[in-house]
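First comes the structure, then the notes that go with it.
The values are calculated or read from the model by the stated rules, or taken from the named source; none is laboratory data. The shown structure was predicted, so the numbers you read here are calculated from the model rather than taken from an experiment. Counting neighbours? That spans all protein chains shown, and the Cβs are built from the backbone with ideal geometry, glycine included. For accessibility, only protein heavy atoms count, side chains too; no ligands or nucleic acids. Shrake-Rupley method; radii C 1.70, N 1.55, O 1.52, S 1.80 Å.
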Amino acid sequence: LSFLKQLWKIARSDEFQSIWWVDDGVFVAINEEMSKREVLARRGPGRVFEMESAEGFHRQLDVHGLRELPEVSSDSGDEFPAEAAAALAPRKLLRFYYNPNFKRDHPQVLARCKPR
């Protein structure tokens, strides 16, 4: 599968705890340290992505137009569920990514996320 299709599937999957949809599927949260162990370190038939490093993973996010959100505030209450984020990891380990064509309930628009 393409990088975006695989990322979309991972975010929807109960099998992975390090990458998930936030704010009703508008953007993706990634627990940096956990994703290194859970996703990038997989080998053999369970391998998810071709890259093995976090740098390669971030490069693919950038290439496919997923931009890291600057300082998403957990105090405002409207950007993402603060209690869910706090329960999963300390804030410094979480990164949030957005692309208007990458949404949980609209996989048909993934084709609009063209690599640059």
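Per-residue extension of 0.36 nm, minus the Cα-Cα distance of GLN6 and PHE49, leaves a gain of 14.7 nm for this segment.
The GluC sites (Glu not before Pro) of segment 1-56 meeting both criteria, a DSSP state outside H, G, I, E and B (loop) and at most 15 other C-beta atoms within 10 angstrom of the site's C-beta, are GLU15, GLU50, GLU52. Per residue, the accessible area of segment 1-60 comes to 53 Å², computed with a 1.4 Å probe over protein heavy atoms only. Each label point was placed 7 Å from the Cα along the Cα-to-Cβ direction; for VAL63 and LYS36 their separation is 2.2 nm.
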